[in-house]
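Structure record follows, encoded as structure tokens.
The values are calculated or read from the model by the stated rules, or taken from the named source; none is laboratory data. Remember, it's a predicted structure, so these values are computed and weren't measured experimentally. Positions of Cβ are backbone-derived with ideal geometry, glycine not excepted, and every protein chain shown enters the neighbour counts. In case anyone asks, the SASA skips ligands and DNA or RNA and just uses the protein heavy atoms, side chains included. Shrake-Rupley method; radii C 1.70, N 1.55, O 1.52, S 1.80 Å.
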Amino acid sequence: MSASSLPPSGLVRMNPPVFWFSASFILLFGIVVIAMPEQAGAWLLAAQNWAANTVGWYYLLAMTLYLVFVVVTALSGYGKIKLGADHDEPEFSYLSWAGMLFAAGISITLFFFCVSEPLTHMLQPPQGEAGTADAARQAMQILFLHWGLHGWGVFAFVGMALAYFAYRHNLPLALRSALYPLIGKRINGPIGYAVDGFGIIATVFGLGADMGFGVLHLNSGLDYLFGIAHTQWIQVGLISLMMGAAIIVAVSGVDKGVRVMSDINMLLACALLLFVLFAGPTQHLLNTLIQNLGDYLGALPMKSFDLYAYDKPSDWLGGWTVFYWAWWIAWSPFVGLFIARISRGRTIREFVFGVLLIPLGFTLAWMSIFGNSAIDQVLNHGMSALGMSAIDNPSMTLYLLLETYPWSKTVIAITVFISFVFFVTSADSGTVVLSTLSAKGGNPDEDGPKWLRVFWGAMTALVTSALLFSGSIDALKSAVVLTSLPFSLILLLMMWGLHKAFYLESQKQIAQMHSLAPVSGARRGGWRQRLSQAVHFPSRDEVYRFLDTTVRPAIEEVSAVFREKGLHVETHPDPANDSVSLEIGHGDQHPFVYQVQMRGYFTPSFARGGMGSKQLNNRRYYRAEVHLSEGSQDYDLVGYTKEQIINDILDQYERHMQFLHLVR
């Protein structure tokens, strides 16, 4: 795989095939659902029932495969591979990185489901007698399954694929790049664009479901505090208001202010969690947290494949587990892109276990403390109305629980504020990610054009409003299950492509260890000149002249001979980036890439103090480093003759041919 085979270039701009394919589908869907809400709701529900009864087994199997793949990869030798070039270092410290992963684990849907879901599972369990202690224990086990390792496993998988191909192989930061080992440069054709298009469609509906649950939750909070009624038009107004705020943030670039508000919001969320823990039955909540964790880990293998096949047929599996697995899949491009961008320079092992464990700890603690607080109220304090609310009006259930705590009005008002900020920041991030997925060009870390953020914000608001009109929660769930189905198949292909890329990389490392003769001859001028070169720290101008007068002629000369042998050869002088490179194609096989790039470093203190060179006052020196497709090789060519550089190119080319031999 080549670092320069598909380089991003030019300004970031719309990717027409991806944009028009995904936008047309979403717009058509929204118009049909708004025009015929009742019929559309019935169709969606029937389609979801079909999916649950027909491919429910597939969703459970696929999600387990994603999780097993990332864990096995991290524990294998591939876990040492960096998400970036070998010389890349992480941009963020462990503490900062962990904090951002922690933030990725919080969404407004945690507020919607943390109380309503466990109570619903207890009162309407898939197995056993309802409303008992055993049903409560089973409910928490199911809750942990739905919010546990499987979901973060698919996030880790997509994030790993995006980061690996973008930062290690300089391919576009797009879903289609993971198919490069399978279809090569055709990722920039109809197949690749269809992959990105399906990813956008799944993300819009996943984000729409999140926004829908969030709006229902906020509407209930405003109803509790101010008596604002539950109506579809009120909810449409809330969607428009909050999505409008998110679009303004995404377009105006007031990112710093929003991040500060988000940090404050995180502190408030943690404070709310601690308040519920210590103002409630603290000892009981701590006991149940540990027991819930043990029950979950002990039953994880069995529950990963539990289809309730021997029980009486019901709609429970499709309405819950299949929906959750589809929802996690739909969210994976959104969250995966975020965690990929903050993880450059991490090893795969660091990345996988960080993503799996850091957000998971907070999420499960949140679910356990809130869920067991509600179960305790229903089982031990006779609050049957709280349980009925979970079934009949789930968006109000959290507020009814908080009503039993001290300073309830203030706490509920803070909860509504926290939910609002989470809504805006999630919608803001979602529009930015969608604009990036539907754009091309630029560097991997650049966001899509601002007008695309506005467009996707409007499309997400349209989809959310349409689904609420056509059947509220059931329609949201149905749309997510259906749109995630084709994308789940794409993820399996991405898994195949990523595994193949890892295998090829391991074979290339073996080829690099293949014994070859050293570069022939000493450097020019004998050992004295070699010693002088070793303690010399060249300036930028010196290295630039070296690239122009020695490296470039060497590459041109060896390129001419390769062309005479009938090989497809391209040279890429790049003065803007102070580099020159050679690429030799081998048909469908992996091309050979040899690049020499100028890199600057701080001059060592001993050299600044003792060498006496005026040129060292700028505190920087430069090297002409060799880069292959997997990144820097960490050696400097300055001081080599043209013949020695040609020999070095041939050495690396022979290693590449050994690599092609190993993977033939």
Under the definition of Cα pairs under 8 Å and six or more residues apart, what whole-number percent is the relative contact order of the stretch 13-504?
38 percent
Cβ-Cβ cut-off under 10 Å around residue 636, Lys and Arg +1, Asp and Glu -1: the net charge is 0
Packing-ranked peptide list from 124-132, 394-402, highest mean Cβ count within 10 angstrom first, is 394-402, 124-132
Lys and Arg at +1, Asp and Glu at -1: add these up for the other residues within a Cβ distance under 11 Å of residue 90 and post the number.
-1
Could you work out what % of the accessible surface of the chain is carbon and sulfur, using a 1.4 angstrom probe and leaving DNA, RNA and ligands out of the count?
62 percent
Listed residue pairs exceeding 23 Å between alpha carbons, taken from 80/500; 80/185; 185/440; 500/565; 185/450; 185/500:
80/185; 500/565; 185/450
Sum of side-chain charges, residue 456 neighbourhood, beta-carbon under 13 Å (Lys, Arg +1; Asp, Glu -1):
0
Accessible area per residue for the chain in Å², computed with a 1.4 Å probe and the full protein assembly in place, what is it?
41 Å²
Hey, can you rank 11-24, 187-200 by average C-beta count inside 10 Å, highest first?
187-200, 11-24
For residue 312, the aspartates and glutamates lying under 17 Å Cα to Cα, once residues fewer than eight places off in the same chain are dropped, come out as 129
Using only Cα atoms, what is the ratio of the radius of gyration of the stretch 13-504 to 2.2 N^0.38 Å?
0.92
So which helices of the chain fit the span-like rule, where a helix is a whole DSSP H run, its Cα atoms reach 24 Å or more along the axis, and its mean Kyte-Doolittle is at least 1.6?
16-35, 232-252
